[in-house]
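In what follows, a single structure is set out as structure tokens and then discussed.
The values are calculated or read from the model by the stated rules, or taken from the named source; none is laboratory data. What you are looking at is a predicted structure, and each value in this text was computed from that prediction instead of being measured. Quick reminder, even Gly has a Cβ in these numbers, built from the backbone with ideal geometry, and neighbours come from all protein chains shown.
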Amino acid sequence: MEYKLIRSKRKSLTISITNGEITVKAPLKTPLSHIEAFIGEKSNWIERKIAEQKRKTDLLSNVIAGECVLYHGAFLKAVGSADHKRIKIDGEYIFIPEKYKDRTAADKALTAFLKRLAENELNILLADVSARTGLGYASFALTNARTKWGSCDGKCNIRLNWRLIMLDAELVEYVLIHELAHTVYHDHSKSFWAEVAKFMPRYNTAKKRLKTYSVLTSMYR
Ligand SMILES: [Zn+2]
């Protein structure tokens, strides 16, 4: 198994996988034989993790290719339909009327459709999370930001990327709590992350997972 070894002043061995590549972090003096044995022990986990990541990229590549539409974390199969006048979600399918002949037209219609749903849904969700956490905000608006999922300015106006409607509930919750926590701390200081953790102790999992979906912010433009 090929891997990248990073030695540093640390106490334990860890393995991480990013884009199918294995990185091992090891203390300065751990013998190579020990590291190799550790990797051997973890080989099942490593293979499973690599397969899992590949599946994710493959699935997103279906979204990129326009074969699927991501909605609430589910991959809906896009079906061109002569029977539908408007876009319609039905179970695991999303029907796209045939009048939207090419990809550009279909994406434009999809954007309008999803934005409408997002506006309504995120408005309600943000109010709900705000009430639950006691973190107030001044206003809410949708954005079409190129890289960000959300933002909160100095006056506590919250902006949310309409593409959040594509993500599963845990990721949306994380983004909402993140932006609401900015109404208290306008930075990414330790205090800020402690505020996030108050309402989502395992926020780190969501924070990392959110990165998988960053390609979506450059789509539907
Ligand atoms: Zn932030």
Hits in segment 202-221 - residues which are under 19 Å from Gly66 (Cβ atoms) and assigned to a helix (DSSP H, G or I): Ser214, Val215, Leu216, Thr217, Ser218
Is it the case, given these coordinates, that Ala206 is aliphatic (A, V, I, L, M), at pLDDT 95 or above, assigned by TED's automatic domain parsing to the domain that holds Tyr137 and surrounded by 19 or more Cβ atoms within 10 Å (Cβ to Cβ)? yes
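Please tell me if Arg132 is away from the ligand (no atom under 16 Å from the Cβ) and basic (Lys, Arg).
Details: away from the ligand (no atom under 16 Å from the Cβ): yes; basic (Lys, Arg): yes.
Spelling it out, Arg132 is indeed away from the ligand (no atom under 16 Å from the Cβ) and basic (Lys, Arg).
When you scan segment 70-126, how many residues do you find that are part of a helix (DSSP H, G or I) and not aromatic (Phe, Trp, Tyr)? Spell out the reasoning first.
Narrowing segment 70-126 to residues part of a helix (DSSP H, G or I): 103-126.
Next cut, not aromatic (Phe, Trp, Tyr) only: 103-112, 114-126.
Final tally of qualifying residues: 23.
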Of the residues in segment 10-36, those that are surrounded by 12 or more Cβ atoms within 10 Å (Cβ to Cβ) and not in a strand (DSSP E or B) come to Arg10, Leu13, Thr30, His34, Ile35, Glu36
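Out of Ser130, Ser139, report the one residue that is touching a Gly at 6+ places or on another chain (Cβ under 8 Å) and at pLDDT 95 or above. Outline the logic, then answer.
On the way: Ser139 fails: touching a Gly at 6+ places or on another chain (Cβ under 8 Å).
Criteria check complete, one pass: Ser130.
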Could you tell me how many of the residues in segment 157-192 are within 15 Å of Glu121 (Cβ to Cβ) and either within 14 Å of the ligand (Cβ to nearest atom) or not assigned by TED's automatic domain parsing to the domain that holds Thr212 (or both)? 5
Please go through segment 138-156 and pick out each residue that is more than 14 Å from the ligand (Cβ to nearest atom) and more than 20 Å from the chain's Cα centre (by Cα). Ala138, Ser139, Phe140, Lys155
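If the requirement is being surrounded by 13 or more Cβ atoms within 10 Å (Cβ to Cβ), touching a Cys at 6+ places or on another chain (Cβ under 8 Å) and outside any loop (DSSP other than H, G, I, E, B), which of these qualifies: Ile165, Ile158?
Checking each option against the conditions leaves just Ile158.
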Given (1) within 15 Å of Thr212 (Cα to Cα); (2) without any contact (Cβ under 8 Å) to a residue 24 or more places away in the chain, Leu70 misses just (2)
Determine the pairs where a residue that is at negative phi and among the acidic types (Asp, Glu), located within segment 135-158, has a partner that is in a loop (DSSP other than H, G, I, E, B) and modelled with pLDDT of 95 or more with Cβ atoms under 7 Å apart, the partner being 6 or more residues away or on another chain. none
